Amino acid sequence: MVSGTFTGFPARLDLPAEVVLLARTLEDAGYETWCVGGALRDALLDAGDNDVDLATAATPEVVRRLFRHTIPVGIEHGTVGVLDANRRMHEVTTFRRDVETNGRHAVVSFGVSLDEDLARRDFTINAIAYHPLRHEWRDPFQGGEDLGRKRIRAVGAASQRFREDYLRILRAIRFAARFEFTIDPDTWAAATEAVAGLASLSAERVRDEWFKGLTTARSVRRLGGLWWRVGAAPIWVPELIDGTDLPEVALEDRDPVVLTALLCLDPVAVLRRLKCSNQDIARAAAMMAGPREPVSTGVRAVRHWLADVAGASADLLLLARLRAGLVPGWAIIVSEVRARGEPVARKDLAIGGDDLVRIGIPPGPGLGVLLDRLLLLVLDDPALNQRDVLLQRAKDLA
Ligand code: ATP
Ligand code: MG
């Protein structure tokens, strides 16, 4: 995931045999085919192993004819998924040019050259191509030099490129934070100037950027700072903590929902605005509802807390750890309670509602109330969690 340093274009790139075979099939049929996109950038930075995308002169129809198993994953943009012998999918996209853009999406046309295809890409470091059979590099915008200088620079006229697709503003920030690159001054100026256009993007595209950024940034502090400095935070995440107060988070703790709760004053509002799944919104709401931590590190307090927060305990634990910068003292007690299998929810009780009905307690909402009272007893003393004991207590309480 984390990048190393660019040390020049290697003579050869190690590619999966399936990708080479796929390219050979297209080339043998007479269609120029190159590796492109983020996987090349990542390979050159020695950062992670993304799937390599292929760009080809063949039209989508031809690609679908040449391979037995294909999936039209983004056919209107010229992308066909080709399944290899192991049923792994590889994206093959026809060389294309944007003929119409409106800041949100583009209408594309085919029948263009590799260089034209590279020219419509966002940043120089994303506009490099490699020929998988001839082992040639193509780098018309000096993306290699920018990798070496650790710099995000737009392909062509930056302000025009951001107006074509405002999402590129957020992508620039994401790559800068992920690779610890600077943003070229012209590109940065154009981004800040175009930033109002972010308001016209769909919430879903912004959310994907927000989540990807949080997951991949080497420093979430820098990422958040850039969202403020470029002017994106006021538009999409005004609840984001101000740059200087942002905490830092280790790479292994990158749950985007928990991080939104850590970094934003009202995470539920943020996730709603970004049209996140109901499940993600519910997780944020549960974290906000708390209680944030047990009232003490005593085992009883911890059991009561686990019962109170139910499914949110893991999220709250991570959140507490990230807030404090260390594992809270009660975390070990949580693990011990779990390891001993002590009851912390209604469903853990040795009896259920039907058992209560069988001893003559009338069905209805009163059953739940009674079970909750029994749960309180076993939270204080797990040894009471036995059928006979609980049935006797239920009779006493009813
Ligand atoms: P990652 O997958 O790690 O987020 P990536 O660079 O591979 O990074 P993708 O969204 O997978 O990003 O896109 C693949 C390639 O398509 C990019 O490298 C870039 O060349 C091009 N691309 C993607 N989005 C845009 C965009 N909004 N404008 C212009 N080119 C884009
Ligand atoms: Mg990619």
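Observations, loosely collected:
- Checking Asp208 against (1) open to solvent by 10 Å² or more (accessible area, probe 1.4 Å); (2) within 16 Å of ligand 1 (Cβ to nearest atom); (3) assigned to a helix (DSSP H, G or I); (4) touching a residue at least 12 places away in the same chain (Cβ under 8 Å), the condition it does not meet: (4)
- Considering only residues in region 235-254 that are in a helix (DSSP H, G or I), farther than 16 Å from Val270 by Cα and of a type outside the set (Asp, Glu), the one that is most open to solvent (accessible area, probe 1.4 Å) turns out to be Thr244.
- In region 74-84 there is at least one residue matching the filter, namely being open to solvent by 20 Å² or more (accessible area, probe 1.4 Å), within 16 Å of ligand 2 (Cβ to nearest atom) and at pLDDT below 95.
- Residue ID - most open to solvent (accessible area, probe 1.4 Å), chosen from residues in region 38-73 that are acidic (Asp, Glu) and within 12 Å of ligand 2 (Cβ to nearest atom): Asp49
- Conditions (1) part of a helix (DSSP H, G or I); (2) closer than 23 Å to Ala106 by Cβ; number of the one not met by Arg178: (2)
- Hits in region 42-92 - residues which are in contact with a Gly (Cβ under 9 Å, 6 or more places away or on another chain) and at positive phi: Asp46
- Residues within region 1-14 that are within 16 Å of ligand 1 (Cβ to nearest atom) and not small (Gly, Ala, Ser), tallied: 4
- Helices (runs of 4 or more DSSP H) wholly inside region 318-386 containing at least 3 residues that are under 22 Å from Asp255 (Cβ atoms) and open to solvent by less than 50 Å² (accessible area, probe 1.4 Å): 330-339
- Unmet requirement for Asp115, which otherwise passes all of (1) at pLDDT 95 or above; (2) open to solvent by 40 Å² or more (accessible area, probe 1.4 Å); (3) closer than 30 Å to Ala217 by Cβ; (4) within 14 Å of ligand 1 (Cβ to nearest atom): (3)
- Scanning region 1-22 for residues that are open to solvent by 50 Å² or more (accessible area, probe 1.4 Å), within 16 Å of ligand 2 (Cβ to nearest atom) and under 19 Å from the mean Cα position of the chain (by Cα) yields a single hit, Met1.
- Qualifying position, being in the same structural domain as Thr5 (by TED's automatic domain parsing) and either of a type in the set (A, V, I, L, M, F, W, C) or surrounded by 16 or more Cβ atoms within 10 Å (Cβ to Cβ) (or both), among Gly224, Gly231, Gly143: Gly143
- Checking each residue in region 130-175 for being of a type in the set (Val, Ile, Thr) and part of a helix (DSSP H, G or I) picks out Ile169, Ile173.
- Among (1) within 12 Å of ligand 1 (Cβ to nearest atom); (2) over 25 Å from the mean Cα position of the chain (by Cα); (3) surrounded by fewer than 18 Cβ atoms within 10 Å (Cβ to Cβ) - the single one Val99 does not satisfy: (1)
- Output for region 23-37, where each listed residue is of a type in the set (Val, Ile, Thr), surrounded by 18 or more Cβ atoms within 10 Å (Cβ to Cβ) and away from ligand 1 (no atom under 11 Å from the Cβ): Thr33
- The set of residues in region 159-180 that are touching a Ser or Thr at 6+ places or on another chain (Cβ under 8 Å), within 18 Å of Asp146 (Cα to Cα) and either open to solvent by 10 Å² or more (accessible area, probe 1.4 Å) or within 8 Å of ligand 1 (Cβ to nearest atom) (or both) comprises Arg174, Arg178, Glu180.
The values are calculated or read from the model by the stated rules, or taken from the named source; none is laboratory data. Worth saying up front: this structure is predicted, and the values here are computed from it rather than measured. Neighbour counts are summed over all protein chains in view; Cβ atoms, including those assigned to glycine, are modelled from backbone coordinates with ideal geometry. Accessible surface areas use protein heavy atoms only, side chains included; no ligands, DNA or RNA. Shrake-Rupley method; radii C 1.70, N 1.55, O 1.52, S 1.80 Å.
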